[in-house]
Amino acid sequence: MPFQFIHAADIHLDSPLRGLARYEGAPVEAIRGATRRALENLVALAIDEAVAFVLIAGDLYDGDWRDHSTGLFFVRQMARLREAAISVALIRGNHDAESSLTKNLRMPDNVHILPADAPDTVWFEDVNVAAHGQSFATPAVTEDLSRNYPPPVAGVFNIGMLHTAVDGREGHDPYAPCSLEVLRGFGYDYWALGHIHQREALSAEPPIHFSGNLQGRHARETGEKGALLVRVEDNRAVDVAFRCLDVVRWANCCVDLSETEDWSGALKRVEEALEHLRQGAGDRILAARVTVSGRTALNDSLLARHEEWINDVRALANDIGRDQIWIEKTPIETAPHPEGREPLAEGPLAALDQVLREVTADPGALPELAQLYDELRSALPPGIRRTPEFEALSEAAQGEALAKLARAILHDRLQREAQ
């Protein structure tokens with residue numbers, strides 16, 4: 001008898017979405033509840049598709065809770081599945097293992113949590129399925145858990161659930177490392193993996209998949225997020241289909257200003273890029289990092305008037321997004337146009353310009369210009385000075401950045417006065 005199941009992972013329920021800057025028109029409260037709404041979407045999908053069961057391959061939670069409301073919300077959602085006669089099997093991942101409250105929470109009887117001391121099997125007898133897995137006992141599991149998984153049971157559809165980095169993935173801790181070739185040769189009919197937040201198909205025969213996380217949480221987790229709907233016929237996975245379940249869509253909005261000469265033209269290009277991303281996000285909230293780049297005559301103005309640029313971009317987002325677009329950051333990665341900035345000819349400002357050009361060209365000269373460096377640093381707008389990216393730079397790199405900014409401010413002001 002054909003049946004379907006859902007493979008989800010890395011829900012990180014009630015995880016604080018990073019970078020939630022408040023400003024007029026920003027949909028902050030809607031964004032804060034994104035992981036809960038995504039879980040509700042998962043439950044709705046399971047009910048609508050009449051799946052036999054749901055698998056959650058680790059990191060249901062996001063470390064220790066502030067209170068019991070997080071766990072109680074999950075229990076309510078699982079009760080909805082029980083009413084629809086849908087079972088759930090889950091393993092705890094590294095973030096789940098951090099929570100003492102997680103281990104004491106009473107679950108509905110349709111939820112099966114695999115133990116951490118050894119691999120175990122959950123049976124879904126009505127569809128002839130055996131799901132094998134093991135939870136994390138501690139936040140950092142460095143041994144290969146899969147090596148102790150049981151052999152496949154003959155005559156049934158065998159699933160392996162594992163929270164793992166497999167052979168390693170950039171940006172993720174190498175927890176529960178294992179070999180893809182070993183997983184392929186295990187004899188299971190499907191591997192439901194968690195821990196890696198980017199959706200990825202590692203193998204077609206047998207199907208081995210990372211479902212990715214249910215909801216992006218910051219600017220490095222862009223694009224569609226959701227779960228996998230797997231259709232099984234004759235003890236074989238015949239279709240693995242992605243279903244989008246996120247409610248906030250993170251995106252990098254990169255705009256090249258190389259051919260742009262004025263402020264309004266730059267905003268027009270940003271508007272076009274944001275509108276394109278908004279349409280792609282459907283009715284979801286779009287959380288965008290707007291980065292401008294390219295060699296442009298606007299370079300000095302953008303650096304010197306960064307706060308004004310931030311506010312103009314936010315106002316633009318509010319205007320076109322109708323409370324649907326939230327601007328996370330607005331990095332300026334432009335460079336001066338090769339023909340757009342000439343050294344000043346004479347006078348005190350020309351002398352300052354010469355010093356700034358020398359410092360920009362040779363950061364090693366900074367120790368000899370300590371007083372100028374301190375003055376530049378104190379003059380830096382707080383919105384720039386306090387960013388983690390700036391503070392992480394070495395003193396020499398900070399000095400070079402400050403010198404570039406000071407020179408940009410000088411030229412921008414002179415240009416505006418001339419106009």
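The values are calculated or read from the model by the stated rules, or taken from the named source; none is laboratory data. In this text the structure is predicted, and so the values were computed from the model without any measurement. Note that each Cβ is placed from the backbone with ideal geometry, even for glycine, and that neighbours are counted across all protein chains shown.
Worth a mention:
- Selection status of SER146, within 31 Å of the chain's Cα centre (by Cα), surrounded by 18 or more Cβ atoms within 10 Å (Cβ to Cβ) and assigned by TED's automatic domain parsing to the domain that holds ILE86: yes
- Of all residues in region 192-242, those being more than 20 Å from ALA89 (Cβ to Cβ), touching a Lys or Arg at 6+ places or on another chain (Cβ under 6 Å) and among the aliphatic types (A, V, I, L, M) number 2.
- ARG289 in contact (Cβ under 8 Å) with a residue 12 or more places away in the chain, under 27 Å from ARG217 (Cβ atoms) and among the charged types (D, E, K, R): yes
- First in region 305-319 and more than 17 Å from HIS276 (Cα to Cα), second anywhere and among the β-branched types (Val, Ile, Thr), Cβ under 8 Å, 6 or more apart: HIS306/THR330; HIS306/ILE332; HIS306/ILE384; TRP309/THR330; TRP309/ILE332; ILE310/ILE327; ILE310/THR330
- Qualifying residues in region 28-73 (those that are buried (at least 22 other Cβ atoms within 10 Å of the Cβ) and of a type outside the set (A, V, I, L, M)) - the one nearest to ASP283 (Cα to Cα): THR35
- Within region 139-171, the residues that satisfy the criterion of being among the hydrophobic types (A, V, I, L, M, F, W, C) and under 12 Å from LEU183 (Cα atoms) are LEU145, ILE159, MET161, LEU162, VAL166.
- Check on ARG169, buried (at least 16 other Cβ atoms within 10 Å of the Cβ), modelled with pLDDT under 95 and either within 21 Å of LYS225 (Cα to Cα) or among the basic types (Lys, Arg) (or both): yes
- For region 93-122, the tally of residues that are at pLDDT 70 or above, charged (D, E, K, R) and outside any loop (DSSP other than H, G, I, E, B) stands at 2.
- Any hit, region 267-274, residues being on the phi < 0 side of the Ramachandran plot and either in the same structural domain as THR35 (by TED's automatic domain parsing) or free of Cβ contacts under 8 Å to residues at least 12 places away in the same chain (or both): yes
- Within region 201-215, residues that are within 20 Å of LEU42 (Cβ to Cβ) have Cβ atoms under 6 Å from residues that are modelled with pLDDT under 95 and of a type in the set (Ser, Thr, Tyr) in these pairs: GLN215/THR35, counting only partners at least 6 apart in sequence or on another chain.
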